[in-house]
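Colleague: Before I ask anything, here is the structure I am working with.
The values are calculated or read from the model by the stated rules, or taken from the named source; none is laboratory data. Only a predicted model underlies this, so the values are computations on that prediction, with no experimental measurement involved. Backbone-built Cβ (ideal geometry, glycine too); neighbour counts: all protein chains shown. In case anyone asks, the SASA skips ligands and DNA or RNA and just uses the protein heavy atoms, side chains included. Shrake-Rupley method; radii C 1.70, N 1.55, O 1.52, S 1.80 Å.
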Amino acid sequence: MATFDVESQLDLERIRADFPILHQVDDENNLLVYLDNGASSQRPESVIDCLTDVYQRYYANVHRGAHRLSGESTDLFEIARKSTQRFLNAASEHEVIFTSGTTMGINLVARSWGDANLQTGDEILLTEMEHHSNLVPWHQLAQRTGAVIKAIPITEDGQLDLDFLPKLLTERTKVVALAAVSNVLGTINPVGRVVEAAHAVGAKVLVDAAQAVPHEAIDVQHWDADFVAFSGHKMLGPSGVGVLYGKESILDEMPPFLGGGSMIDIVEIDRFTPAMLPAKFEAGTPPIADAIAMTPAIEYLEKVGLSAILQHEQSLAAYAHQLLADVPGLRILGPDVTKKAGIVSFVIDGLAASDIATFLDGRGIAVREGHHCTLPLHKKLGISASVRASFYLYNTREEVEKLADAVRTSVEFFG
């Protein structure tokens, strides 16, 4: 098993000091061990302070008012867009659309681009490891248009079986949608390879980057994907805000998804003309404070370093693999730690995932249990639910040890 350097890359004491929530204890005096980062990360003081500052000092609606507060809010809102553009290495700030999250971004593409471009007999290629947010919008598109859903299968160790790709990609394939990182298996998928193969048959590609952007440096131009969606709340930012990246030439051709204020240029009784990018896809009042607070979240990640964060998480995952290896009946899902991010999902023979998670919660350890919005994947694996520990930049080896000890004790307890 590969090993990773943990402590030398990150100043964990200093990082943890920036996250107030990590210092609380429960009724049993257990210090919080937060290992549910795959669902949502915690926020550093800089993000919390930014939100407070917005509401206390200069909150107003953006792009509409002639007064000082509106101008200040608008300036900071657009600074956040530029910060995101830089973070992704997008070619233009017009390619950054603020949404409510990953789910909204994917639905926007399925409704706008999908409805305008798919018809009966066209094919949508997904994968067997997708989150429901990257499944259901495409199912709905298929129902509306008569398109056909296909999926790239996974191997026994939880990786995409790309040997099937030449057979699945045909001239009928119009869009390929895949996760950059599986939210259950942790598998880091070869996005560039899939994009290249899809483009060779003329298909567009959407990448669900919700589990990738918070943990590794992303260059959308290098990926060459047509769309990339992710959420702020998984990357130290607020909830209620996300980003859809799209190539400007494609976004220009797409009809607006939602109608209302802000997304128009001209409105008459019997017709309207949509605004230019990015306003065309940002109808209504946007998540103003939340979008503004994306700037300190991005700055925090950049200061720590995305490569160091990924290495740190992989080290913790490797340590968890090592410590959980001798737990009776425990099976870790997904590939070797060298091929995945800091996610360790597992099942234990004869024990319900909910019982394990509740037992761990009683010891101050927060993990996820259930199907993690991946019912088809769990069916493929022959299980109904799993326990997921997901690590982030503020987690420690000591917390992994507490996790392993508690899991081992849970087996003894439930017997």
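Colleague: Are any of the residues in segment 176-199 more than 21 Å from Gly38 (Cα to Cα), open to solvent by less than 50 Å² (accessible area, probe 1.4 Å) and not in a helix (DSSP H, G or I)?
Modeller: yes
Colleague: How many residues are under 23 Å from Leu244 (Cα atoms) and either in a loop (DSSP other than H, G, I, E, B) or modelled with pLDDT under 95 (or both) if we restrict to segment 129-175?
Modeller: Residues flagged as under 23 Å from Leu244 (Cα atoms) and either in a loop (DSSP other than H, G, I, E, B) or modelled with pLDDT under 95 (or both) within segment 129-175 amount to 4.
Colleague: Scan segment 277-304 for residues that are of a type outside the set (Val, Ile, Thr) and either without any contact (Cβ under 8 Å) to a residue 12 or more places away in the chain or open to solvent by less than 10 Å² (accessible area, probe 1.4 Å) (or both) and jot them down.
Modeller: Correct list: Ala289, Ala291, Ala293, Met294, Ala297, Leu301, Lys303.
Colleague: Ok, one more. Read through the list (1) in contact with a Gly (Cβ under 7 Å, 6 or more places away or on another chain); (2) open to solvent by 20 Å² or more (accessible area, probe 1.4 Å), then give the number of the only condition that Gly158 fails.
Modeller: Only one criterion in (1) in contact with a Gly (Cβ under 7 Å, 6 or more places away or on another chain); (2) open to solvent by 20 Å² or more (accessible area, probe 1.4 Å) is unmet by Gly158, namely (2).
Colleague: Would segment 116-128 turn up any residue that is in contact with a helix residue (DSSP H, G or I) (Cβ under 7 Å, 6 or more places away or on another chain) and in a helix (DSSP H, G or I)?
Modeller: Within segment 116-128 (the criterion being in contact with a helix residue (DSSP H, G or I) (Cβ under 7 Å, 6 or more places away or on another chain) and in a helix (DSSP H, G or I)), the answer is no, since none of the residues qualifies.
Colleague: For Asp270, which of the numbered conditions (1) over 18 Å from the mean Cα position of the chain (by Cα); (2) touching a residue at least 12 places away in the same chain (Cβ under 8 Å); (3) open to solvent by 50 Å² or more (accessible area, probe 1.4 Å) fails to hold?
Modeller: Looking at each condition in turn, Asp270 falls short on (2).
Colleague: A follow-up question, please. So, in segment 70-89, exactly how many residues are outside any helix (DSSP H, G or I) and crowded, with 23+ Cβ neighbours inside 10 Å?
Modeller: 0
Colleague: Give segment 359-383 a look and list any residue that's out of contact with any His (no Cβ under 6 Å at 6 or more places or on another chain), of a type outside the set (Phe, Trp, Tyr) and without any contact (Cβ under 8 Å) to a residue 60 or more places away in the chain, or say none.
Modeller: Leu360, Asp361, Glu369, Gly370, Lys379, Leu381, Gly382, Ile383
Colleague: Being at pLDDT below 95, more than 17 Å from Arg111 (Cα to Cα) and touching a Gly at 6+ places or on another chain (Cβ under 8 Å) narrows it down to one residue among Ser262, Ser231, Ser239; which is it?
Modeller: The match here is Ser262.
Colleague: Report yes if Pro238 is assigned to a loop (DSSP other than H, G, I, E, B), out of contact with any His (no Cβ under 8 Å at 6 or more places or on another chain), surrounded by fewer than 16 Cβ atoms within 10 Å (Cβ to Cβ) and in contact (Cβ under 8 Å) with a residue 60 or more places away in the chain, otherwise no.
Modeller: no
Colleague: Give the residue, chosen from Val344, Val337, that is within 21 Å of Gln211 (Cα to Cα) and modelled with pLDDT under 95.
Modeller: Just a single option satisfies the conditions, and that option is Val337.
Colleague: A further question on this structure: Mind checking which pairs have a first residue in segment 244-262 that is among the hydroxyl-bearing types (Ser, Thr, Tyr) and a second that is part of a strand (DSSP E or B) and open to solvent by less than 40 Å² (accessible area, probe 1.4 Å), Cβ under 8 Å, 6 or more apart or different chains?
Modeller: Listed pairs, sorted by first residue: Tyr245/Val96; Tyr245/Ile97; Tyr245/Phe227; Tyr245/Val228; Tyr245/Ala229.
Colleague: Using the structure shown, decide if Gly105 is over 18 Å from Pro296 (Cβ atoms), of a type outside the set (S, T, N, Q), in contact with a Leu (Cβ under 6 Å, 6 or more places away or on another chain) and crowded, with 21+ Cβ neighbours inside 10 Å.
Modeller: Taking the combined requirement at face value, the residue satisfies it.
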